[in-house]
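Accompanying notes for the structure given below.
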Amino acid sequence: PAPGGAEPSDGEITQAILNAENDLFYLCDLETYQLYYLNAAGQRLFGVQDYKGKPCYKVLRGRDSPCPFCNNQLYQNTFSLWEQENPYCQRHFLLKDKILTYRGRKARLEVGLDITKQEYVSQAARERLNFAEKIVEGMNALSVCADYAEAVNRVLALMGDFYQADRAYLFEPSATCPNCWTNTYEWCAVNVSSQKQKLQQVGPHQLGRWLTLFDQDQSVILFGLDSLRAVSPQEWADLTDQDIQRLIAVPLRANGKTVGFLGVDNPRYCIHDDSQIRVLAGFLLTRMNQERNERRYRMLMQESNQDLLRSLKVGYWTLEMHKKDGRREMIMDPTMQELLAMPEFFSPCESYHFWASRVKNTAQPAVEQALGQMIETGQLVQIEFPWEHDRQGEIQLRLSGMMMEETPSLTRLNGYCRLLSGR
């Protein structure tokens, strides 16, 4: 029994339940669209109390005419289930609709479950999953691609695809203009015009605000350009000229300095999140340092070392031993080719056979043993052996080398060669 001994009516119980319910309940006329009932949760959501007799499309949708999807797939004896975004209240609903009779007229009963929060969680989960997949792809691209330019272009394509952007790009300091920046690599979506040629030798007066943020290891994130017109008119003009409305740019930092920056223009996905581009920036910086060191090494080998080796009459060689078919290929520098009097335009296979076939028969087991020791020990191994020279006859050849690379497909040895004496 209720307090005071009076039993509540069924209507009072129903009203109490509906008023306590957080889901949306409403009842409207199927022909005139007039609202008969809107529960307390609906009144709070749409900010209305005086709703009775007003059209549902006005109160619940903010429209001046019936919704185009109204009364679709409604049933008399069972609920139809569907999902829809309501832009008027900016909520996402799971909806249940059914036709019933109210005071002799057909009416629409709708129950709306607000799943906006769950939708945000679901979207965030999808974004994080996509994020992880793209990071793995980016790491693979940077580690697997032997060609640096190809690796950078693949990373930019991954960034552009993840953010659903118009462009993705890498800027680096100009090699010819101090304090200027150059767009060195660029990826563009389909039907998007390249801006790379316009963005060469960009001066600090154009990037001043960005560089200040980069020096603090902060990102540049723009959701619109309106705020820039007054505070940074040059930046506003430059971005407007490139048809850019939104962007994310992050710095590449090394030893306390900004050595480059990555960016995406007009992202349509994860526009508030710079995490993905930040992680890829870290991996790219490692690959850039690796490429820079390799470039320095190649320059030293091609210039100073080559001149020194030539003056000392020391040749440089590389031997690749392919595991699948046993094929061996040797590449000799010009000094070694000259010392051995090797004909020009030999292929790597021909070069190896030219060298190996002239090792004296009695010395061939020792030479093979020395090559094996280079592989087994990973240390420098040196051997001297007789070798048949086309012009000088039998000479003593000194070979020094070590294993430089071991992969499932081949073994690579590098070393030096010197003629010791002739007969």
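The values are calculated or read from the model by the stated rules, or taken from the named source; none is laboratory data. Here the structure is a predicted model, which is why all the values come from computation and not from measurement. Quick reminder, even Gly has a Cβ in these numbers, built from the backbone with ideal geometry, and neighbours come from all protein chains shown. Just the protein is used for accessible areas: all its heavy atoms, side chains included, with ligands, DNA and RNA removed. Shrake-Rupley method; radii C 1.70, N 1.55, O 1.52, S 1.80 Å.
Taking the stretch 254-277 as the search range and keeping residues that are closer than 16 Å to E186 by Cβ and either out of contact with any Pro (no Cβ under 7 Å at 6 or more places or on another chain) or at pLDDT below 80 (or both), which one is surrounded by the most Cβ atoms within 10 Å (Cβ to Cβ)?
Filtering the stretch 254-277 down to residues closer than 16 Å to E186 by Cβ leaves 260-267, 277.
From the residues that got through so far, the ones that are either out of contact with any Pro (no Cβ under 7 Å at 6 or more places or on another chain) or at pLDDT below 80 (or both) too are 260, 262-267, 277.
On the way: G260: 20, L262: 26, G263: 23, V264: 29, D265: 25, N266: 18, P267: 26, I277: 27.
Within the stretch 254-277, the match that is surrounded by the most Cβ atoms within 10 Å (Cβ to Cβ) is V264.
Quick test of your reading of the structure: E83 fulfils all but one of (1) touching a Lys or Arg at 6+ places or on another chain (Cβ under 8 Å); (2) outside any loop (DSSP other than H, G, I, E, B); (3) among the acidic types (D, E). Name the failing condition by number.
All conditions pass for E83, except number (1).
Among the residues of the stretch 151-170, how many are outside any helix (DSSP H, G or I) and either of a type outside the set (A, V, I, L, M, F, W, C) or at pLDDT below 90 (or both)?
So in the stretch 151-170, the residues outside any helix (DSSP H, G or I) come out as 164-170.
Among the residues that remain, those that are also either of a type outside the set (A, V, I, L, M, F, W, C) or at pLDDT below 90 (or both) are: 164-167, 169.
The number of residues fulfilling the criteria is 5.
Does F93 count as modelled with pLDDT of 75 or more, open to solvent by less than 60 Å² (accessible area, probe 1.4 Å) and among the hydrophobic types (A, V, I, L, M, F, W, C)?
It is true that F93 is modelled with pLDDT of 75 or more, open to solvent by less than 60 Å² (accessible area, probe 1.4 Å) and among the hydrophobic types (A, V, I, L, M, F, W, C).
With respect to P251, is the statement that it is buried (at least 18 other Cβ atoms within 10 Å of the Cβ), at pLDDT 80 or above and in a loop (DSSP other than H, G, I, E, B) true?
For P251, the condition - buried (at least 18 other Cβ atoms within 10 Å of the Cβ), at pLDDT 80 or above and in a loop (DSSP other than H, G, I, E, B) - is not met.
Across the stretch 209-223, what is the number of residues that are surrounded by 16 or more Cβ atoms within 10 Å (Cβ to Cβ) and β-branched (V, I, T)? Full working, then the answer.
So in the stretch 209-223, the residues surrounded by 16 or more Cβ atoms within 10 Å (Cβ to Cβ) come out as 210-211, 213-214, 219-222.
Subset that is β-branched (V, I, T): 220-221.
Number satisfying all stated conditions: 2.
Out of D217, D274, D226, D241, I need the residue that is among the acidic types (D, E) and closer than 23 Å to A151 by Cα. Which one?
D274
Being among the acidic types (D, E), at pLDDT 60 or above and under 26 Å from L60 (Cα atoms) is the requirement here; does D114 meet it?
yes
List the residue pairs whose Cβ atoms are under 8 Å apart, where the first residue sits in the stretch 14-32 and is open to solvent by 30 Å² or more (accessible area, probe 1.4 Å), the second is part of a helix (DSSP H, G or I) and modelled with pLDDT under 65, and the two are 6 or more positions apart or on different chains.
Close Cβ pairs (under 8 Å, with a partner that is part of a helix (DSSP H, G or I) and modelled with pLDDT under 65) amount to F25/L18.
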